[in-house]
Each structure stands twice: as structure tokens, then as C-alpha cells.
1. Run the dipole for the stretch 31-113 about the Cα centre, Lys and Arg Cβ at +1, Asp and Glu Cβ at -1, nothing else charged, and hand back the magnitude in debye, nearest 20.
2. Suppose every K and R has +1 on its Cβ and every D and E has -1 on its Cβ; what is the size of the dipole of the chain about the Cα centre, in Debye to the nearest 20?
3. Out of residues 5 or more away from residue 8 or on other chains, whose amide H comes under 5 Å of its own, with H placed 1.01 Å from N in the peptide plane?
4. In whole percent, and with a 1.4 Å probe on the protein chains, what portion of the accessible area of the chain is carbon and sulfur?
5. Any chance you could check the Cα centroid distance between the stretch 1-55 and the stretch 91-168 for me, in angstrom?
6. Counting C-alpha atoms alone, how compact is the chain: give Rg to one decimal and Dmax as a whole number, in angstrom.
7. Note the full-extension length gain between residue 139 and residue 62 as 0.36 nm times their separation in residues minus their Cα-Cα distance, in nm to one decimal.
8. Express the relative contact order of the chain as a whole percentage, based on alpha carbon pairs under 8 Å and six or more residues apart in sequence.
Amino acid sequence: MIIETKLIILRGNSGSGKTTIAKSLQEYFGEGTLLVSQDTVRREMLMVRDREENLSIDLIRQITEYGKGKCNVVILEGIFMKKRYQEMLNQLIYFYNENTCVCYFNLSFEETVVRHNSRPQAESFGKDSLRSWWIPKDHLGVEGEKILTGQMTKTDIVKLICSQVKKV
């Protein structure tokens, strides 16, 4: 039996809630759901900075491609700034035969700071670092991209994504 894998791409600024939602989705979809985190691959596996043509771009693509046909759902989450990652993300959307749900966390800087301060990383870096990394409205611009706002609750976002995954 061939599995028609669905790809969920979660993008947005640091501290916007991507990892929280990704883990909730992985729990919802259950066993065999592949979660690919930009931070894990880039910082923990390869220990590289997020620069043009860094080694993590190709490895993230390869790991994400691995899940096609093996998993029901693959979740890819990270900042994935458009300037640096659009080509790789477009390749993955094409590779998954457009069976994708692309979401962008479009929160205000202030809301992002509030969310960041509630997580463990808040002790590692603060508002000044977040500001230096901040890229407003970095939408990918692909058809069907869902824009997630600060007014949406975790439950709202998970329900929206799950309903989208059922449609693709």
C-alpha cells in the first residue's frame, strides 16, 4: 500500500509558537508522524549558523523527503526566512505533489516577545536578540498559504491545520 503523505510547513519568527504547534500536531497525528525541526538539524545536528548555503538546508530537505510514502504526515517547522529557504521549500511542495499545508505565523513583535518569555529559551536570549532577527510579514506567497495571527489560540491553529490536512 502506498501512503499519500501530507506535508505541513510551519514558518515564522523566533518565539511565534511553531514548535509548540508542531509538537501538538505530531501528538494528534500519532505514531510515525515525522517532525523535522530547523533548530534541531541546524543547531544540534550540524552546529552551523543560519547563513546562505549552510549545510542544514540540504539535510532538512533530505530528511523531509525521506518521510514521503513512509509517514502519513511530515511536519517541517522553523523560521525558514523566505530569502534563504524559498527554493528548498518550493522543491518540497513540488516533491509532495502539492499535498501540503503551508502556514506562516504572522504575529506582532510584541506578541512574539510575550510568547518567547513563557518558554525555556527566554533565559538564553531576550528581546534585543529577537529584534535583531525579526522579519515582518515574510510570507512565502504560495497558493493556499495560511496566515496565523496572534489572536488565534493553540486550539484554533491545530483545528485549522488538521482541517486543511484532510482537504489536501
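The values are calculated or read from the model by the stated rules, or taken from the named source; none is laboratory data. Quick caveat: nothing in here was measured; it's all calculated off a predicted structure. Positions of Cβ are backbone-derived with ideal geometry, glycine not excepted, and every protein chain shown enters the neighbour counts. Side chains included, ligands, DNA and RNA excluded: accessible areas come from the protein's heavy atoms. Shrake-Rupley method; radii C 1.70, N 1.55, O 1.52, S 1.80 Å.
1. Details: 10 positive and 13 negative charges, 42 e Å.
Roughly 200 debye for the stretch 31-113.
2. Details: 24 positive and 21 negative charges, 40 e Å.
In debye, rounded to 20, the chain gives about 200.
3. It is 74, 75, 76, 101, by chain and number.
4. 49 percent
5. Each part reduced to its Cα centre gives a spacing of 12 Å.
6. Gyration radius and largest Cα-Cα distance of the chain: 15.2, 51 Å.
7. Working: separation 77, 0.36 × 77 = 27.72 nm, distance 2.31 nm.
Extra length available between residue 139 and residue 62 comes to 25.4 nm.
8. Details: 251 pairs, mean separation 57.4, N = 168.
34 percent.
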